[in-house]
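S.K.: Quick one: the structure is below, and I'll ask about it shortly.
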């Protein structure tokens, strides 16, 4: 039997062996079961597989097993391939059954494929990018796990030379129902042509990274046997798959069925956009690398410790907001908010927050708060609402029909991303058409938690769950669920407070806060006081209609739910309901002061 590392360094050998030992109808299930058993045998074995998130593409052995944490940015048309086909040795006449699964190019020296009577199937193709707005602590912890002794040992295969034979048979071209097979000689000229075919590809627009400044590889993930049924646009996924980087994949001849733009978009050089044939793919709720064991076990642990963690986190937030305890309570609730259901067009559970009376952009308050929150949450994007950003950036993704792809925009973000809008950076000036469109998109995101993607002939609404925090000096241009005017103490400078927080936040406490904010929004909450709350609402309305509108009551329901969750509780009690009402009374007093 091959050694323990061979299933990582040479997985296609196992695929071929299972085909030899089983019927064409059975081998695929056995291959899938084998890799799932190997990968998830323990927490350690998952780390043995080299990660594309922290390993350069050129350091990975072609056709080896790798893993990749990413976001689904686009969905391409299904791709036809030959699952099994017969090949014949041109010299000896020997015939054998070959496998096209998990391959883009057949590497069968001296054998000529015969596709007559071959088993043709479809595989789904997804264009995936690194998770947008991932914070540096997530990448650092991920990189640390990649450099562990076992992970480093298993990636020695990355030093193997690319390519084993001089001659390959191309398995795939263009698209549609027709396939071609042609021999191509690998040479320096061929590689060079593939690399230089589209010099514009490294740009953000061509690589389709949603946010400016994002780095990392984009990948075309290919899925088999209905695995794509559970995939959604903008979802975070973790893929274990066989990496394909054959240079010939970037060489595309003209095709009457497809435009030149579409061919370039769907056949980028594999040195920039490798192909990844998935043997296992799973949706993950968060890219928090601390979630390495059972989520339920970790959640129960955090629930038991939630009182202590909450006190420490609230203290830190209060300190960061210059002693404003009320604003700290609302910010903590905002960080735990999430859309847990939809009633018609209403996204229930969101709590967009606007902090007003924020000092101007010259003050370090906003930047220090951004830096602090970046150390707590897995995904955060700070967007200064300057005129340039509003007028020049593309917020809304749009369909490029000529290239048949979705061009990304700033608001193409995975669920639970923390978005901080900084209005203190805004200066006087005129919004152009693009600026108005972008501002409208932000407003719709905050109110409905949807983004209307531009499909040219019609908009198409995509649901999302993005936490939006707006920082502004006065009244914001955008409507939030909750507006809290800050009351800042001036007994200490913001810089002094920020340094004190850094000393207070030990690595253990930081990790506890990170798990607390990631896991608690998903605990099973049940409203067990519906009758009592309705009676309280009627009583308040009878006493003073202006103090309790329907919108106020709905906001209280959301706020009290998050408060209960923040204490690790699955149900509401009268004390927490009273606390939510008291917070709202104090907040409204500030609004009218």
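S.K.: So residue 414 clears everything in (1) in contact with a strand residue (DSSP E or B) (Cβ under 7 Å, 6 or more places away or on another chain); (2) closer than 23 Å to residue 551 by Cβ; (3) in a loop (DSSP other than H, G, I, E, B) except one condition, right? Which one?
M.R.: Checking residue 414 against (1) in contact with a strand residue (DSSP E or B) (Cβ under 7 Å, 6 or more places away or on another chain); (2) closer than 23 Å to residue 551 by Cβ; (3) in a loop (DSSP other than H, G, I, E, B), the one that fails is (2).
S.K.: So, one more: For region 102-112: of the residues being modelled with pLDDT of 85 or more and touching a strand residue (DSSP E or B) at 6+ places or on another chain (Cβ under 6 Å), which is farthest from residue 19 (Cα to Cα)? Give the steps one after another, and end with the answer.
M.R.: Taking region 102-112 first, the residues modelled with pLDDT of 85 or more are 102-104.
Next, only the ones that are touching a strand residue (DSSP E or B) at 6+ places or on another chain (Cβ under 6 Å) stay: 102, 104.
Details: 102: 13, 104: 18 Å.
The selected residue is 104.
S.K.: Restricting to region 542-558, give me the number of residues that are outside any helix (DSSP H, G or I) and surrounded by 10 or more Cβ atoms within 10 Å (Cβ to Cβ).
M.R.: Number of matching residues: 2.
S.K.: Here is a follow-up. Restricting region 102-120 to residues that are free of Cβ contacts under 8 Å to residues at least 60 places away in the same chain and part of a strand (DSSP E or B), which is surrounded by the most Cβ atoms within 10 Å (Cβ to Cβ)?
M.R.: The qualifying residue surrounded by the most Cβ atoms within 10 Å (Cβ to Cβ) is 111.
S.K.: Restricting to region 227-274, what's the tally of residues that are closer than 30 Å to residue 38 by Cα, touching a strand residue (DSSP E or B) at 6+ places or on another chain (Cβ under 9 Å) and assigned to a loop (DSSP other than H, G, I, E, B)?
M.R.: Total satisfying the criteria: 10.
S.K.: Determine which single condition residue 71 fails, assuming it passes every other condition in (1) buried (at least 20 other Cβ atoms within 10 Å of the Cβ); (2) over 30 Å from residue 233 (Cα atoms).
M.R.: (2) is the only condition that residue 71 fails.
S.K.: Of the residues 276, 251, 290, 263, which single one is closer than 30 Å to residue 467 by Cα and either modelled with pLDDT under 90 or not assigned by TED's automatic domain parsing to the domain that holds residue 467 (or both)?
M.R.: So the residue among 276, 251, 290, 263 that is closer than 30 Å to residue 467 by Cα and either modelled with pLDDT under 90 or not assigned by TED's automatic domain parsing to the domain that holds residue 467 (or both) is 290.
S.K.: Something else: Can you tell me how many residues in region 464-510 are part of a loop (DSSP other than H, G, I, E, B) and under 30 Å from residue 553 (Cα atoms)?
M.R.: So the answer is 16.
S.K.: Condition first: touching a strand residue (DSSP E or B) at 6+ places or on another chain (Cβ under 6 Å), closer than 28 Å to residue 369 by Cα and part of a helix (DSSP H, G or I). Can you find one or more residues in region 425-435 that meet it?
M.R.: yes
S.K.: State whether one or more residues within region 500-517 are touching a strand residue (DSSP E or B) at 6+ places or on another chain (Cβ under 7 Å) and either under 28 Å from residue 371 (Cα atoms) or surrounded by fewer than 13 Cβ atoms within 10 Å (Cβ to Cβ) (or both). First the steps, then the outcome.
M.R.: Taking region 500-517 as the starting set, the residues that turn out to be touching a strand residue (DSSP E or B) at 6+ places or on another chain (Cβ under 7 Å) are none.
Among the residues of region 500-517, not one is touching a strand residue (DSSP E or B) at 6+ places or on another chain (Cβ under 7 Å) and either under 28 Å from residue 371 (Cα atoms) or surrounded by fewer than 13 Cβ atoms within 10 Å (Cβ to Cβ) (or both), which makes the answer no.
S.K.: On to the next question. Would you say residue 497 is touching a residue at least 60 places away in the same chain (Cβ under 8 Å), more than 23 Å from residue 379 (Cα to Cα), buried (at least 19 other Cβ atoms within 10 Å of the Cβ) and assigned by TED's automatic domain parsing to the domain that holds residue 312?
M.R.: Yes, satisfied.
S.K.: Same structure again: Name the residue that is surrounded by the most Cβ atoms within 10 Å (Cβ to Cβ), counting only residues in region 277-298 that are more than 30 Å from residue 104 (Cα to Cα) and touching a strand residue (DSSP E or B) at 6+ places or on another chain (Cβ under 8 Å).
M.R.: Of everything passing the filter in region 277-298, 286 is surrounded by the most Cβ atoms within 10 Å (Cβ to Cβ).
S.K.: Let me ask something additional. With respect to the numbered conditions (1) in a helix (DSSP H, G or I); (2) surrounded by 14 or more Cβ atoms within 10 Å (Cβ to Cβ), which one is the sole condition not fulfilled by residue 535?
M.R.: The one condition residue 535 does not meet is (2).
S.K.: Taking into account only those residues within region 12-26 that are touching a residue at least 40 places away in the same chain (Cβ under 8 Å) and in contact with a helix residue (DSSP H, G or I) (Cβ under 7 Å, 6 or more places away or on another chain), which is farthest from residue 97 (Cα to Cα)?
M.R.: 15
S.K.: Let me ask something else. Across region 85-101, what is the number of residues that are out of contact with any strand residue (DSSP E or B) (no Cβ under 8 Å at 6 or more places or on another chain) and touching a residue at least 12 places away in the same chain (Cβ under 8 Å)?
M.R.: Number satisfying all stated conditions: 1.
S.K.: Give me the pairs, please: first residue somewhere in region 431-451 and without any contact (Cβ under 8 Å) to a residue 12 or more places away in the chain, second residue anywhere and part of a helix (DSSP H, G or I), beta-carbon distance under 9 Å, and either six or more positions apart or on two chains.
M.R.: Close Cβ pairs satisfying both conditions: 433/391; 436/390.
S.K.: Sticking with this structure for a sec: Quick one: would you say residue 328 is outside the structural domain of residue 225 (by TED's automatic domain parsing), free of Cβ contacts under 8 Å to residues at least 24 places away in the same chain and under 19 Å from residue 467 (Cβ atoms)?
M.R.: Yes; evaluated as a whole, the condition is true for this residue.
Conditions tested, residue by residue: (1) surrounded by 15 or more Cβ atoms within 10 Å (Cβ to Cβ); (2) assigned by TED's automatic domain parsing to the domain that holds residue 497.
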residue: 231; (1), (2): yes, no
residue: 242; (1), (2): yes, no
residue: 271; (1), (2): yes, no
residue: 300; (1), (2): no, yes
residue: 309; (1), (2): yes, yes
residue: 317; (1), (2): yes, yes
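S.K.: Please go through region 299-316 and pick out each residue that is within 26 Å of the chain's Cα centre (by Cα) and closer than 22 Å to residue 374 by Cβ.
M.R.: Once the filter is applied, which keeps residues that are within 26 Å of the chain's Cα centre (by Cα) and closer than 22 Å to residue 374 by Cβ, region 299-316 yields 302, 313.
S.K.: Next up: Inspect all residues belonging to region 418-425 and state whether any of them is in the same structural domain as residue 370 (by TED's automatic domain parsing), without any contact (Cβ under 8 Å) to a residue 24 or more places away in the chain and surrounded by fewer than 20 Cβ atoms within 10 Å (Cβ to Cβ).
M.R.: Within region 418-425, not a single residue is in the same structural domain as residue 370 (by TED's automatic domain parsing), without any contact (Cβ under 8 Å) to a residue 24 or more places away in the chain and surrounded by fewer than 20 Cβ atoms within 10 Å (Cβ to Cβ).
The values are calculated or read from the model by the stated rules, or taken from the named source; none is laboratory data. Bear in mind the structure is a predicted one, so any value in this text is a computation, not a measurement. Note that we place each Cβ from the backbone using ideal geometry, even for glycine, and neighbour counts take in every protein chain shown.
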